[in-house]
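Bear in mind these aren't lab numbers, they're just calculated from the coordinates by the rules spelled out. Keep in mind that this is a model prediction, so the values were computed, not measured. Neighbour counts run over all protein chains shown; Cβ positions are idealised from the backbone, glycine included.
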Amino acid sequence: MRSIRGTVTTIVLAVAVEALPAVAQDSTGTRDTKPALAVLYTEGQAVRGQDGFTRTCTFCHGSHDFSGQKFRTNWSGQSVESFYSFLRNSMPQDNPGRLTGQEYVDIVAYVLQLNGYPAGTKELPPDPTVLNSFQLQFDTAQAR
Ligand code: HEC
């Protein structure tokens, strides 16, 4: 009898621990009811993206340009592909299309991270079909 109860307790605990990270991820601490953001990129990809951003974009932009209210209002509801295409076709403004597809998609991953998207285990690929299947969801009310 004793051992059966012990097993049940262990299972319940394991479930509780698995549920924890989702709660802890909400660093704002206020809106735990909002729908979870899709997991689209890896931490390593965002690091590469930040590196590319620093080399190519900071001449004209600060990272706050891509997480503020104006930016979020412009892009919320658009597909990830629209954002990626915009970067490829228009940025850097003095030499659009200068980077590879991989470098652009890495910068997209970095921008997702700036806006609170969680990192996962699969990279965001430079594949328009895949990118088109995701919609950007930015919290415009909470933007700085
Ligand atoms: C030579 C200057 C210059 C460089 C370099 C540059 N940009 Fe821009 N970018 C601009 C200008 C000018 C605008 C238009 C600003 C506006 O109207 O808000 C802009 C606008 C943008 C926007 C739209 C902002 C919004 O609020 O919707 C994004 C996104 C963007 N740039 C990304 C990038 C990225 C990523 C890079 C690096 C690969 C880059 N830019 C490099 C000048 C530059």
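Counting Lys and Arg as +1 and Asp and Glu as -1 over every other residue whose Cβ lies under 14 Å from the Cβ of Leu99, the net charge comes to 0. By the Cα gyration tensor, the stretch 37-142 has an equivalent ellipsoid whose semi-axes, rounded to whole angstrom, run 18, 16, 14 from largest to smallest.
With the alpha-carbon atoms of the stretch 94-144 aligned to their principal axes, the span from lowest to highest coordinate is 33, 30, 18 Å, starting with the largest.
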